Amino acid sequence: MPVLDGDRIVAALRGAFAREVSRAELLQLAAARIREAGSPYTSVYLYMLHGEELVLESFAGRETEHTRIPVGKGVCGTAVATGRDQNVGDVRAVGNYLACNTFTRSELVVLIRRGPLILGQIDVDSDVPDPFTPAEEAEVKKVADALAVLL
């Protein structure tokens with residue numbers, strides 16, 4: 001059974017949307033709720049696509065100096081460039097990896113997309129090697145899919 005309960009987070013996002021919270025508040029709620037699941041969710045970053053650049057709009061966990069990432073650079077930029085989610089079990093094995101910190105061992109990037117249009121992504125860092133099973137990835141995708149509708 002996955003650690004993350006995507007349905008509960010989606011319900012919280014829908015409730016916040018119904019209260020007409022801002023886009024920034026929706027993104028922050030998503031980041032905080034995913035991180036609250038605990039290990040392996042060490043840090044959660046929500047990057048939104050602005051032209052050819054991903055811009056950090058919200059996060060929960062460790063701060064990062066990577067507030068802007070060009071499409072095609074690092075795991076996050078690769079996800080957008082290829083149009084595919086990224087589940088990297090060992091970030092040290094990735095040649096173009098952008099390290100947010102020295103403790104991160106794995107990364108999961110799930111695109112926020114409305115049809116073929118990529119709006120942004122949920123980027124999850126973990127201090128645990130290879131923790132993101134297909135079930136965990138599916139739970140994060142539920143949140144990404146809800147954000148695609150609500151943003």
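Readers should treat all values here as calculations from the given coordinates under stated rules, not as data from a laboratory. Computed from a predicted model, the values in this text were never measured in an experiment. Heads up, the Cβs are rebuilt from the backbone with ideal geometry, glycines too, and the neighbour counts pull from every protein chain shown.
Can you list residues whose amide H is under 5 Å from residue 120's amide H, if they're 5+ apart or on another chain and H is modeled 1.01 Å from N?
For residue 120, the qualifying residues are 49, 112.
Along the Cα→Cβ direction, 7 angstrom out, place labels at residue 65 and residue 5. What is the inter-label distance in nm?
Going from the residue 65 label point to the residue 5 one covers 3.9 nm.
Applying the Karplus parametrisation 6.51 cos²θ - 1.76 cosθ + 1.60 with θ = phi - 60° to the phi angles of region 11-26, what ³J(HN,Hα) value in whole Hz is obtained for each residue in order, glycine and proline being reported as x?
Listing the rounded values in order: 4, 5, 5, 5, x, 5, 4, 4, 8, 6, 6, 6, 4, 4, 5, 4 Hz.
Roughly what would the spin-label model give for residue 23 and residue 103, points 7 Å off Cα along C-beta, in nm?
3.1 nm
If you look at just the Cα atoms of region 8-151, how large are its Rg and its Dmax in Å?
Rg and Dmax of region 8-151, Cα atoms, are 13.9, 44 Å.
What do you get for GluC sites (Glu not before Pro) in region 43-151 restricted to DSSP loop and a cutoff of at most 14 other Cβ within 10 Å of the site's Cβ?
52, 63, 65
Would you kindly derive the ³J(HN,Hα) couplings of region 119-130 from the backbone phi angles with the Karplus curve 6.51 cos²θ - 1.76 cosθ + 1.60 (θ = phi - 60°), listing them in order in whole Hz, with x for Gly and Pro?
8, x, 7, 9, 10, 10, 9, 9, 7, 9, x, 6
Using the Karplus curve 6.51 cos²θ - 1.76 cosθ + 1.60 with θ = phi - 60°, work out ³J(HN,Hα) for each residue of region 50-57 in order, rounded to whole Hz, and write x for Gly and Pro.
10, x, 9, 9, 8, 10, 5, 10
How big is D, in µm² s⁻¹, for region 16-88 by Stokes-Einstein at 4 °C and 1.567 mPa s if Rh is the Kirkwood radius over C-alpha pairs?
Rounded, D is 98 µm²/s.
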